1. What residues qualify as long-range amide H neighbours of I31, i.e. H under 5 Å apart, gap of 5 or more or another chain, H built at 1.01 Å from N?
2. Subtracting the Cα-Cα distance from 0.36 nm times the residue separation, let me have the gained length for H8 to D37 in nm, one decimal.
3. Tell me, what HN-Hα J-couplings in whole Hz come from the Karplus equation 6.51 cos²θ - 1.76 cosθ + 1.60 at θ = phi - 60° for each residue of segment 70-77, using x for Gly and Pro?
4. Describe numerically, in nm with one decimal, the distance between label points set 7 Å from Cα along Cα→Cβ at E71 and at H18.
5. So what is the calculated 222 nm ellipticity per residue for the chain, using -39500 (n - 2.57) for each DSSP H run with n of 4 or more, over all residues, to the nearest 500 deg cm²/dmol?
6. Let me have the relative contact order for the chain, percent, based on Cα pairs under 8 Å that are six or more residues apart.
7. Would you kindly state how much longer the chain becomes between T78 and E49 on full extension, computed as 0.36 nm times their sequence separation minus their alpha carbon distance, in nm to one decimal?
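FYI, it's all coordinate maths here, none of it is from the lab. Model, not experiment: these values are computed from the prediction. Heads up, the Cβs are rebuilt from the backbone with ideal geometry, glycines too, and the neighbour counts pull from every protein chain shown.
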Amino acid sequence: MASDALDHDLRDESAFLHRFDLVYKAVNDAIDMNNNDLVLLVRSCLQNEGKLSNNRQKQFIAKGHPAVLLEQAQQVVTVTLEDLNGQS
């Protein structure tokens with residue numbers, strides 16, 4: 001049982017990291033944002049079904065990121081995840 005659980009968890013983690021890397025690269029190529037905020041943005045989107053929550057948007061805006069930049073990032077995340085889902 002432990003082996004099966006570990007195998008399942010490793011597959012899930014591996015899939016998450018693969019999606020994270022692809023989405024991170026796509027967003028990083030599209031917008032200029034510091035690494036810490038970019039990691040937070042991508043992780044937040046992936047943990048929230050590909051969407052940046054309103055609360056997280058407000059936090060980024062409070063940090064000085066323009067709303068238009070966040071909208072652009074959200075579009076890149078959406079397109080990248082759609083492309084990934086289409087490849088499955």
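1. Correct list: empty.
2. Details: separation 29, 0.36 × 29 = 10.44 nm, distance 2.98 nm.
Additional length available on full extension: 7.5 nm.
3. 5, 5, 5, 4, 4, 5, 5, 4
4. Modelled inter-label distance: 3.4 nm.
5. Numbers: 4 runs with 72 residues, N = 88.
Estimated from H runs of four or more residues: -27500 deg cm²/dmol.
6. Details: 48 pairs, mean separation 30.5, N = 88.
It comes to 35 percent, rounded to a whole number.
7. Numbers: separation 29, 0.36 × 29 = 10.44 nm, distance 0.96 nm.
Value of the extension gain: 9.5 nm.
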